[in-house]
Every structure is written in C-alpha cells, then in structure tokens.
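S.K.: Would you mind keeping the following structure in view while I ask a few things?
No lab work stands behind these numbers, since they all come straight from the coordinates. Everything numeric in this text was worked out from a predicted model, so none of it was measured. Cβ placement follows ideal geometry from the backbone for every residue including glycine, while neighbour counts extend to all protein chains displayed.
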Amino acid sequence: MKSNIQICKKCLYPSTHPLGITFDQNGVCSGCIIHEEKNTLDWKFRLEKLKKILKRYKSKGNNYDCIIPISGESDSYFIIHVVKNILKLSPLLVCHNKYFNTQIGINNLANLRMKFDCDILFQNINLNITKKITKHTLMEFGNIYWPIIAAQKSFPVKIALKYKIPLIIWGAHQGIEQTGMFSHKQEIEMTKRYREDHDLFGVNEDNLISLDNDFKNDDLEQFRYPSFEDIKSIGVRGIYLGNYIRWDSVNQHKLMIEKYGYKSTSLSRTFDTYDHIDCFNYMNLHDYLKILKHGYSKVLDHACREIRYKRITREQALYLVEKYQFNKVENIPLFCKWLNINLKSLNFVVNRFKNKLFWNEIDIDKWKFNGISLLLKKNKLKKKNVKSVSKYFIKNYSLVKKNNNRYIYFGKGFKD
C-alpha cells in the first residue's frame, strides 16, 4: 500500500475515506475535530431551538405532523421516542422493505409498531426488478446495496408529497458522524444532492439506463427521487436530530432495550451488537465489498466511533479491527440462490473490485492484503485487554439457525 495514505492520530480513519476527510496540522482528522462539538455545544439550548423550528409543523387537521423513515434496526426506536415523547409530534412511519430481512429485524419492527402505537406505510418494490437492479449494480459498481439506499432515501420524500406532510425527521448525519463533513452548528438538512453524491456514490437512477441493459424508466420509478419543483411545492425538508441532540447510538440503544425491549445480537464481523442486525447481507457480503474497495470494513467505523466516545483506546480499537475484519462472510449461498448466480461467478465479480491500493495479486486468485490496519504498528494487546468493551454491547437475542437460512420478505406484523 502506498505510504502517502495518512491515518488519523486519534482514531483509525484514513485519508482515503470515501466520504472525504481532512486533517489538521497535528494529524487529527476532521471527524474527530467535529466530534468534540458533542462535548462543548449547549445541547439543552439546541433542543429548545429545534422545538421552536418544529412549532409550525404541528398538525392543524392532519393526523400526522411529520414522517420518520424506519427499519428493524439502527436508531429507529430512539428517533420515534424523541419525536413522540420529547418533541410531542405525531409521526407517520415509513419503511422500505429491503428483502434481506432477518428474524430479529422483523421482530424489532413488529415490537416497535406496538410499543409506539404508530401507523406504518411499507414499500414493497417489484421483487424481480429489485433483483435485476441488484445484479446490475453488483456487476458494474460492486454494490449490492444501491437499490436499498436509493429507495430508503426517496420513499419518505414521495410519501411526504403524497400526504402533504412537509417535515421528515432523520437520525444522525453519516458525514458528520464519520468524517466531520459539516459542523452540527450548520444544521445541515437532507438533500437530493447529498443522496446522489455520497449515499449513492455518484450513481443516480438515470445512470443505470444504458445500451448495455434493458432497464426502462418504469423499472426505476420507485427508486427515483422527486424533482426539486415537487419538493419546493410543499416545502419538504429533512431535519437531522443529531444536530440538536447529543448523538450516542450505543447509549441510545441501551436505553431502548431498557424502555421498549429492543432486541440485539452478536454479529460475526464486528463487536457491535446493534448496528445492521436486521439484514442478512449488510455485515456480510456488503461489508466484504467495502474492505475490498476501501481497505477497511465496518468494524473500523465502529472502532473509530468508540475511540471518540472514549469507551476504548486506539490500541484496543486496532485489536478489535484485526480480530473481526476477516472473519467469515456468512450467508453467501443464500445470496447466490436469491440472485440466481453461482459462487464461482460471484467470486469472479467480487475480485474485479479489489482495489490495487490495498490488495496485491501474488498468484492466480491469491491476494495479499495491504489495508489500513497494516499501516499501523503491530498490536501487542491480548484478548483480556479488550474484555471491558463487552459491557457496552448488550446481546439479548440468539440467532436460531433454522430461521437463518432464508430472507424474510415480510413479517407477520406481531411478535413471536
């Protein structure tokens, strides 16, 4: 790997981060610098400021004050908790069905609906079209999550326009949390441009249509983001709670377990027991593609976050990254069956996206990893030195193998 890649002196993020990252004269990354705002901003004042902003969206004759995009994991519980119990708004929940659903994700979604007593609108896009687009984006961009992210970010806006509910409330802004793309004080909001440039890495719906495939406009309609004119017609805006509330997803999940019975579980490729547990593929094939292209996997994101909250040291973080980043990628046969491709074909496609900056082919189909973790000095920490990390990550649900061999397209809507 080229030696001119810079690694943050506080966390482990590299200068090659796909969202873009900068460093100060001391070698500290923009993500760590902006994170310090969480310890200096007056969050009580910021919450009161948010309440004033939201006053005009309080319903007058409409059943709903806002829209909240949700799933069976992540920060959905906490966002609804804040919106209903602190901001005193009545939300309409919207959920895109990713089709890679796990049992724990469906259980969490069903429990959420009952505990918060909210209406939910689900989006179920034509399965054959979803598979067709997934296969295309995998082959062309090494990305199996493009259809999911495209729909997750466009569906709430479509519903806002349909029901004339101009306010959409999101959780934290990924660019702020990871790389300090903006200050919390800028109060950045969700935009069409951010979705295309960063969430979709520069590939919009129209980019998929070419002479090399038979995509039609109708195939992509459910993924297409509304026009600026339509958005402006009712003044749709997407506010991030993370700009007004001191965001800490780990402590938030622990609170949601205590108050609402949120379920969490262990995953093979990270120490985090809360993040992306609703999906068979995010922390498996999707995560593997990440390390092939960017030289690090999701566990490094989790480790950097924990360094910044001072729950672990940089040395402990590196140990955890090295421990988890090459653990077995699970559920590959299930994905191949779903997409109707064989394992050999998948491996051929996947190898095309190995970034030569981080991977050297030493023989036919034999590769040597030269990724981010190898830039740092050899870690001599032993297992006992990271034992304390587990106290932050609760596991209260065990994955059952018999329920772990198929995607759950749609749950029963109630708890087992």
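S.K.: Under the classification rounded if a/c is under 1.5, otherwise prolate if a/b is larger than b/c and oblate if not, where does the stretch 41-243 fall, given a ≥ b ≥ c as square roots of the Cα gyration tensor eigenvalues?
M.R.: Prolate shape, in that a/c is at least 1.5 and a/b is the bigger ratio.
S.K.: Near the amide H of TRP367, under 5 Å away, which other amide H atoms are found, from residues 5 or more places off or on another chain, if H is placed in the peptide plane?
M.R.: Result for TRP367 returns ILE362.
S.K.: Which trypsin sites (Lys or Arg not before Pro) in the stretch 213-266 pass both tests, a DSSP loop state and at most 11 other beta-carbon atoms within 10 Å?
M.R.: Here the sparse-neighbourhood loop sites are LYS216.
S.K.: Counting Lys and Arg as +1 and Asp and Glu as -1, what is the net charge of the other residues whose Cβ lies under 12 Å from the Cβ of THR191?
M.R.: Result for the neighbourhood of THR191: +1.
S.K.: Looking at this model, which pairs from LYS38/LYS323; LYS84/LYS232; LYS98/LYS337 are more than 25 angstrom apart at the alpha-carbon?
M.R.: On the way: LYS38/LYS323 29 Å; LYS84/LYS232 27 Å; LYS98/LYS337 16 Å.
Going by Cα-Cα distance, LYS38/LYS323; LYS84/LYS232 fall outside the 25 Å limit.
S.K.: Helix-only estimate, please: 222 nm mean residue ellipticity of the chain, summing -39500 (n - 2.57) across DSSP H runs of length 4 or more and dividing by its residues, to the nearest 500. Present the calculation step by step, with values, prior to reporting the outcome.
M.R.: Numbers: 16 runs with 151 residues, N = 416.
Computed mean residue ellipticity for the chain: -10500 deg cm²/dmol.
S.K.: Restricting to DSSP loop positions (anything but H, G, I, E, B) with no more than 15 other Cβ atoms inside 10 Å of their own Cβ, which chymotrypsin sites (Phe, Trp or Tyr not before Pro) remain in the stretch 188-240?
M.R.: For chymotrypsin sites (Phe, Trp or Tyr not before Pro) across the stretch 188-240 that sit outside H, G, I, E and B with at most 15 neighbouring Cβ atoms in 10 Å, the list reads PHE201.
S.K.: How many nm is it between the label spots at ASP119 and GLU36, if each spot is 7 Å from the Cα in line with the beta carbon?
M.R.: Each label point is offset 7 Å from its Cα along the Cβ direction, giving 4.7 nm.
S.K.: Sticking with this structure for a sec: Quick one: of the DSSP bridges fully inside the chain, what percent are antiparallel, nearest 5?
M.R.: Roughly 40 percent of the beta bridges in the chain run antiparallel, per DSSP.
S.K.: Still on this model: Taking the chain as a Gaussian network, Cα atoms linked when under 10 Å apart, which of GLY171, GLY202, GLY238 shows the biggest mean-square fluctuation?
M.R.: Result for the chain, Cα springs under 10 Å: GLY202 fluctuates most.
S.K.: Give me, ordered by chain and number, the residues 5 or more places off ASP75 or on other chains with an amide H under 5 Å from its own placed amide H.
M.R.: Result for ASP75 returns nothing.
S.K.: Another question, then. Using a 4.7 Å Cβ cut-off, which Cys residues in the chain lack a partner cysteine?
M.R.: Cys with no partner Cβ under 4.7 Å: CYS32, CYS66, CYS95, CYS118, CYS279, CYS336.
S.K.: Let me ask something additional. Starting from the Cα gyration tensor of the stretch 166-266, take the square roots of the eigenvalues, sort them a ≥ b ≥ c, and report rounded, prolate or oblate (rounded when a/c is under 1.5, otherwise prolate if a/b is larger than b/c, else oblate).
M.R.: Details: a/c = 2.12, a/b = 1.65, b/c = 1.28.
Prolate is the answer for the stretch 166-266, as a/c is 1.5 or above and a/b outweighs b/c.
S.K.: Could you pull out the trypsin sites (Lys or Arg not before Pro) across the stretch 77-167 that fall in loop regions by DSSP (anything but H, G, I, E, B) with no more than 15 other Cβ atoms inside 10 Å?
M.R.: Loop-located and lightly packed - LYS88, LYS164.
S.K.: Moving on. From the square roots a ≥ b ≥ c of the eigenvalues of the alpha-carbon gyration tensor of the chain, which class results: rounded (a/c under 1.5), prolate (a/b over b/c), or oblate? Write down the numbers at each step before the final one.
M.R.: Values: a/c = 1.42, a/b = 1.17, b/c = 1.22.
Cα axes put the chain in the rounded bin.
S.K.: Go ahead and set up a Gaussian network model of the chain, Cα springs under 10 Å, then flag whichever of ALA110, ALA303, ALA317 fluctuates most.
M.R.: ALA110
S.K.: Ok, one more. When the chain is treated as a GNM, springs tying every alpha-carbon pair under 10 Å, which of HIS286, HIS276, HIS17 comes out with the largest mean-square fluctuation?
M.R.: The residue that fluctuates most here is HIS17.
S.K.: Same structure, new question: What residues of the stretch 52-94 lie in the reach of a label at GLU258, counting those whose backbone N is under 20 Å from a point 7 Å from the Cα along Cα→Cβ?
M.R.: The answer is 74-87, whose backbone nitrogens lie closer than 20 Å to the label point.
S.K.: Something else: Which net charge results when you count Lys and Arg as +1 and Asp and Glu as -1 among the other residues whose beta-carbon is under 10 Å from that of ASN340? It would help to have the intermediate numbers written out before the result.
M.R.: Working: positive: LYS131, LYS135, LYS337; negative: none.
Result for the local shell: +3.
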